[in-house]
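The values are calculated or read from the model by the stated rules, or taken from the named source; none is laboratory data. The shown structure was predicted, so the numbers you read here are calculated from the model rather than taken from an experiment. All Cβ positions, even for glycine, are placed from backbone atoms using ideal geometry, and neighbour counts span all protein chains on display.
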Amino acid sequence: MIVVHVPGMSSRRDVRAVSARISDVPGVRTLRADLATRTVQVSGSAAPATLTAALATAGYVADSTDNPHPSPTRLGGPPVDTTFFPTDITDLPQATRPEVVELGDGDELHLRPGPVAKQLGDSTVRMLGYNGSIPGPTLKVRQGSEVVVHVRNDTDLDTTVHWHGLRLENRYDGVPHETQAPIPPGGEFTYRIQFPDPGLYWYHPHIREDVTQELGLYGSILVEPAEPEYWPPAHRDVVLTLDDLLLEDGVIAPFSRTETNYAAMGRYGNVMLTGGETAPAFTARSGEIVRWWLTNTANSRVFRVTVPGARMKRVGGDSGRLEHEELVSDVVLAPSERAVVDVLFDRPGELALEHRTPIRTYRLAAITVTGEVAEPPLREAFEHLRTAPELAAERRRLDAWLTAPPDKTLAIVAEMDDPGAAGVSGPVTYACPMHPEVVSEEPGRCPKCGMKLLATTPAVAHNTGHGHDTGHDDAAHAHDHVSATADGIEWEDDMAETNRATTTETMRWKLLDRTSGRDGLPVDWRFTQGQRVKIRLVNEMDSDHPMHHPFHIHGAGRFLVLSRDAAPEPNLVWKDTVLIPTGQTVDIVLDVTNPGLWMAHCHIAEHMHAGMMFSFTVDRAATS
Ligand SMILES: [Cu+2]
């Protein structure tokens, strides 16, 4: 432990500046700043001289001492804790409900990400919101329009805004260092965003998504179609984000400033946030058709949404409507995927919007259906399942794409260090963190799930399984382990302690180019505007932690899913994210439309930060 005395650290602004500077010094593991004593305690391997030098570049004179005396005496005032990110809620405004902002062509919007206090049940926590709300404002715009968004960063870390799913100009895509410089705290950037396609999109930062998205920086964008009959009739729109948040003893589980934790599976929450609320309530009228516009903004959790007692019709996905409207009992959304669902409430009653996994049910929202009858009557229209002509046309071209060899093949592989393997003396056995009954004398893989077996000794064995309560129903998953990962989807974090301990240092998620015998990073992908490219995505079982991945491609174009394990996709929709369950091979065809340098990555925030990302180039077509 090093204690650094910074006499010039006299305000919260100074604390933020000092903390940010010190956390960037290599070797710093944790830091705790105390405004009362004007000291910063630093743990890790950084040398004192490096710390004072780093502070000098920020204009702070500091002297430091190695391990001088016990923790500094608090002289009063509110505690300032910047061990990880600030958690203090003093003087912060309460998070508000998102405003709906209608923007016409050429309109301007000011968007300010900044800290807010958010009440979650009995606790109030520090989170981040755009314009003070969680989620941020819902933008309503028209297809074909363009709006200007001025962003000012009121947070204490760099940010950008990524406009998820929009095929826009590359320089406004919000990728730090590739399409723009990061917006520093206090800094500004102006985006011009275009909406060529109708449907539901969203926005979020592209720096430390594991932290900022979890803390509330996300908002929905509803693009109204130019074509009047594009969607079937409905009485009302409800735009909802689906999210989860990990609370431990009333505070948000800590994030490190220097590395991403929960890198193995991503951070699963134990509090559901639906439209930013823990227990939202809606009313509907009898016979009413409510169109739910759903976006999964969670770091890692896959949602399966249903409304028992009501009828559901899936009408749209990531980017616009479905080839065939279909009656469904539920919809599955991986992180960053969207679903547009018409829900018909037949008769009065108390219903609920639920998230159902194979092992448990989460109540997301209460719905009271009143006896008032919705006008005009739309039941007949609900029964009518329409077909989208533009996607029927794509269907006719599908056979050729199904039989074509892939232009690119991308494999998903994980490499995981074994935290228990080093420094262990005496007998070692190897166990699966997800299936504690699987033990071996030799290193290897779990026959049940393919997970790398991790070294255990009796002393650490209790740490690798289900020791930490994250709100799971322990009885349920002790008995029903297989179904918790049914369909190749990890519905829960079933190795919470192991997962928490994995970082971007110890876990490497890789996208490997396996195109025609290659085996390396996809470093040289280059396409041309107007091209269509068949990409095969292989979620390999031969991996240290096989699991599902939502694979996202930025606005270079949009894609159709062709097939899953060679079975043709039954219902087409334009997409920017595809969920690839464990072990599955998914073929997509990318319609390349926008030139520039574009990212592709897993939308589990922690996976992206652990290496599951790359960028490719789209050249402008010669004629355009
Ligand atoms: Cu992933």
For region 269-314, give me each residue that is among the aliphatic types (A, V, I, L, M), within 25 Å of residue 488 (Cβ to Cβ) and assigned to a strand (DSSP E or B). 272, 294, 305, 312
Examine region 536-548 for a residue that is more than 16 Å from the ligand (Cβ to nearest atom), modelled with pLDDT of 95 or more and surrounded by fewer than 20 Cβ atoms within 10 Å (Cβ to Cβ), and state whether such a residue exists. yes
So which residues in region 345-362 are assigned to a strand (DSSP E or B) and more than 14 Å from residue 282 (Cα to Cα), if there are any at all? 355, 356, 361, 362
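Any residue that is away from the ligand (no atom under 16 Å from the Cβ), in a strand (DSSP E or B) and within 29 Å of residue 444 (Cβ to Cβ) - is there at least one of those in region 603-617?
For region 603-617, residues away from the ligand (no atom under 16 Å from the Cβ), in a strand (DSSP E or B) and within 29 Å of residue 444 (Cβ to Cβ): absent.
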Going by the conditions given, is residue 583 within 16 Å of the ligand (Cβ to nearest atom) and over 14 Å from the mean Cα position of the chain (by Cα)? yes
Residue count, region 23-62, condition assigned to a strand (DSSP E or B) and over 33 Å from the mean Cα position of the chain (by Cα), comes to 1
Of residues in region 586-600 being within 16 Å of the ligand (Cβ to nearest atom) and touching a residue at least 60 places away in the same chain (Cβ under 8 Å), the one nearest to residue 162 (Cα to Cα): 599
For the condition at pLDDT 95 or above and under 24 Å from residue 581 (Cα atoms), what is the one hit in 351, 327? 327
Inside region 559-603, can you point out the residues that are closer than 20 Å to residue 400 by Cα, in contact with a helix residue (DSSP H, G or I) (Cβ under 7 Å, 6 or more places away or on another chain) and of a type in the set (Ser, Thr, Tyr)? 563
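Table: residues versus (1) out of contact with any Asp or Glu (no Cβ under 6 Å at 6 or more places or on another chain); (2) under 30 Å from residue 590 (Cβ atoms); (3) surrounded by fewer than 20 Cβ atoms within 10 Å (Cβ to Cβ).
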position	(1), (2), (3)
318	no, yes, no
332	yes, yes, yes
347	yes, no, yes
385	no, yes, yes
394	yes, yes, yes
397	yes, yes, yes
Check whether at least one residue in region 549-558 is under 22 Å from residue 320 (Cβ atoms) and in contact with a helix residue (DSSP H, G or I) (Cβ under 6 Å, 6 or more places away or on another chain), and report yes or no. no
For region 284-293, does any single residue satisfy the condition of being in contact (Cβ under 8 Å) with a residue 40 or more places away in the chain, more than 20 Å from residue 329 (Cβ to Cβ) and among the aliphatic types (A, V, I, L, M)? no
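When region 252-299 is examined, which residues are found to be among the aliphatic types (A, V, I, L, M), crowded, with 18+ Cβ neighbours inside 10 Å and away from the ligand (no atom under 16 Å from the Cβ)?
Passing the criteria: 252, 253, 272, 273, 284, 289, 290, 294.
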Tell me, please, whether a residue that is at pLDDT below 75, touching a strand residue (DSSP E or B) at 6+ places or on another chain (Cβ under 6 Å) and crowded, with 17+ Cβ neighbours inside 10 Å can be found in region 435-456. yes
Note on region 513-533: residues under 18 Å from residue 615 (Cβ atoms), at pLDDT below 90 and assigned to a loop (DSSP other than H, G, I, E, B) are 518, 523
Checked region 184-215 for anything in a strand (DSSP E or B) and charged (D, E, K, R); matches are 188, 192
Among what's in region 564-583 and is buried (at least 18 other Cβ atoms within 10 Å of the Cβ) and of a type in the set (S, T, N, Q), pick the residue that is modelled with the highest pLDDT. 577
Looking only at region 219-241, decide whether some residue is under 14 Å from the mean Cα position of the chain (by Cα) and within 20 Å of residue 120 (Cα to Cα). yes
For the structure I just gave you, tell me whether residue 623 is at pLDDT 95 or above, over 30 Å from residue 230 (Cα atoms), out of contact with any Asp or Glu (no Cβ under 8 Å at 6 or more places or on another chain) and away from the ligand (no atom under 12 Å from the Cβ). no
Any idea how many residues of region 499-512 are part of a strand (DSSP E or B), within 21 Å of the chain's Cα centre (by Cα) and within 14 Å of the ligand (Cβ to nearest atom)? 5
Count, please, the residues in region 100-138 that happen to be aromatic (Phe, Trp, Tyr) and in a loop (DSSP other than H, G, I, E, B). 0
Odd one out for residue 577, checked against (1) of a type in the set (Ser, Thr, Tyr); (2) within 16 Å of the ligand (Cβ to nearest atom); (3) over 18 Å from residue 165 (Cβ atoms): (3)
Would you confirm whether or not region 477-498 contains a residue that is within 16 Å of the ligand (Cβ to nearest atom), surrounded by 17 or more Cβ atoms within 10 Å (Cβ to Cβ) and at pLDDT below 65? yes
Return yes when residue 133 is touching a Pro at 6+ places or on another chain (Cβ under 6 Å) and of a type in the set (Gly, Ala, Ser) and no when it is not. yes
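Kindly indicate whether any position in region 401-420 is assigned to a helix (DSSP H, G or I), at pLDDT 90 or above and surrounded by 13 or more Cβ atoms within 10 Å (Cβ to Cβ).
Taking every residue of region 401-420 in turn, at least one turns out to be assigned to a helix (DSSP H, G or I), at pLDDT 90 or above and surrounded by 13 or more Cβ atoms within 10 Å (Cβ to Cβ).
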Output for Cβ contacts, cut-off 6 Å, separation at least six or different chains, first residue without any contact (Cβ under 8 Å) to a residue 60 or more places away in the chain in region 112-128, second outside any loop (DSSP other than H, G, I, E, B) and among the hydroxyl-bearing types (Ser, Thr, Tyr), reads 117/124
Based on what the data block shows, is residue 553 aliphatic (A, V, I, L, M), farther than 16 Å from residue 510 by Cβ and within 16 Å of the ligand (Cβ to nearest atom)? yes
Let me confirm something: among 381, 374, 365, which residue is under 30 Å from the mean Cα position of the chain (by Cα), farther than 25 Å from residue 546 by Cβ and either aliphatic (A, V, I, L, M) or buried (at least 16 other Cβ atoms within 10 Å of the Cβ) (or both)? 365
